[in-house]
Amino acid sequence: MRKLRQICQTGLGISLRLSFVGGTDMATENKLKLYSHWISSCSFRVRFALNLKGLPYDYQIVTTFSEPEFLKLNPIGFVPVLVDGDSVIADSFAIIMYLEDKYPHPPLLPHDILKRAINFQAVTIVSSSIQPFQNYTVVKYIGEKIGPDEKLPWTQRVIGKGFTALEKLLKNHAGRYATGDEIFLADMFLAPQLDAAIRRFNVDMKEFPTLSRLHEAYNEIPAFREALPENQPDAVH
Ligand SMILES: N[C@@H](CCC(=O)N[C@@H](CS)C(=O)NCC(=O)O)C(=O)O
């Protein structure tokens, strides 16, 4: 299989890395493009979903979030962004639901309506009640306005609060994964958040036995491991 990697720098300073894996250039042009940053847990969610669904994609490295060319894709200046032909979708939840509608196999939502609701609840805890409070901009602001020593305790506190809610919610619903023995939407959001909490922010997990067990289970899934930050082309080791 032919593998050609091309790195280009646009005039506006956004680094794009295009990977061509086999096939024709025409096929490559039609491939999904994911604007991602290696350490972004929101990008990680989408990488995990794309890998699970077996969808090849071109990884587009975003290094500067405020560049006009990137803001044209997502005016709020956040990764991830998915480009599918002429369609541009920003926000990890919207992207994953788009993928789910367009490529329904394997399904990321259960049929059972309670289980679906629990998936949405877990997703919302991660995406609305944890990640926004520990987003890069927020933590940088805290470091600058309050002091650099406050950055880690703040991050650990907001993650711990969210994990307390998730542990309580999922201990009654989890099987091998968050809501049973199949991987669903909740896992797409939970797995990257757990990885960041444990390996990056050194969160004390002793109060969270269900979440700790889920973290171990995720690490055995190839689609998850391939999506890990350190396995991305822009990873800084
Ligand atoms: N709700 C959005 C949040 C996106 C978001 O906060 N992305 C972070 C990375 S995980 C980002 O781009 N941060 C850049 C910044 O704070 O300037 C999503 O789920 O995609």
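The values are calculated or read from the model by the stated rules, or taken from the named source; none is laboratory data. Since this is a predicted model, take the numbers as computed values, not measurements. Neighbour counts are summed over all protein chains in view; Cβ atoms, including those assigned to glycine, are modelled from backbone coordinates with ideal geometry. Just so you know, the surface numbers come from the protein's heavy atoms only, side chains and all, with ligands and any DNA or RNA stripped out. Shrake-Rupley method; radii C 1.70, N 1.55, O 1.52, S 1.80 Å.
Structure summary
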{"item": "Distant-in-sequence amide H partners of THR179 (H built 1.01 Å from N, under 5 Å)", "result": "PHE184"}
{"item": "Inter-label distance for ALA165 and THR63, nm, one decimal - labels placed 7 Å from Cα along Cα-to-Cβ", "result": "3.7 nm"}
{"item": "Highest-fluctuation residue, ASP181, ASP112, ASP58 considered, GNM on the chain with Cα pairs under 10 Å", "result": "ASP112"}
{"item": "Under Karplus coefficients 6.51, -1.76 and 1.60, residue-wise ³J(HN,Hα) of the range 75-85 in Hz, glycine/proline x", "result": "x, 7, x, 10, 8, x, 9, 10, 10, 10, x"}
{"item": "Among PHE120, PHE224, PHE44: highest mean-square fluctuation, GNM of the chain, C-alpha pairs under 10 Å", "result": "PHE120"}
{"item": "Helical contribution to [θ] at 222 nm, DSSP H n ≥ 4, -39,500 (n - 2.57), averaged over the chain, rounded to 500", "result": "-13000 deg cm²/dmol"}
{"item": "Of all DSSP beta bridges in the chain, antiparallel share, percent nearest 5", "result": "75 percent"}
{"item": "Label-point separation, LYS72 to PHE120 (7 Å along Cα→Cβ), nm", "result": "3.6 nm"}
{"item": "DSSP H segments from the chain that extend 30 Å or more along their own axis, Cα-based, with Kyte-Doolittle mean of 0.0 or above", "result": "none"}
{"item": "Built amide H within the under 5 Å cut-off of GLN60, gap 5+", "result": "LEU34, TYR35, SER36"}
{"item": "Lysine pairs within the chain, Cα separation less than 19 Å, 8 or more sequence positions apart or different chains", "result": "16"}
{"item": "Solvent-accessible area per residue, Å², over the range 95-162 with all protein chains present [probe radius 1.4 Å]", "result": "60 Å²"}
{"item": "Cβ crowding within 10 Å averaged over residues, with 209-215, 229-235 ranked highest first", "result": "209-215, 229-235"}
{"item": "Cα principal axis extents for the chain, largest first, Å", "result": "50, 47, 29"}
{"item": "Inverse of mean 1/r across different Cα pairs in the range 113-237, Kirkwood, Å", "result": "15.1 Å"}
{"item": "Choice from GLY77, GLY54, GLY147 showing the highest fluctuation, given a GNM over the chain with Cα pairs closer than 10 Å", "result": "GLY147"}
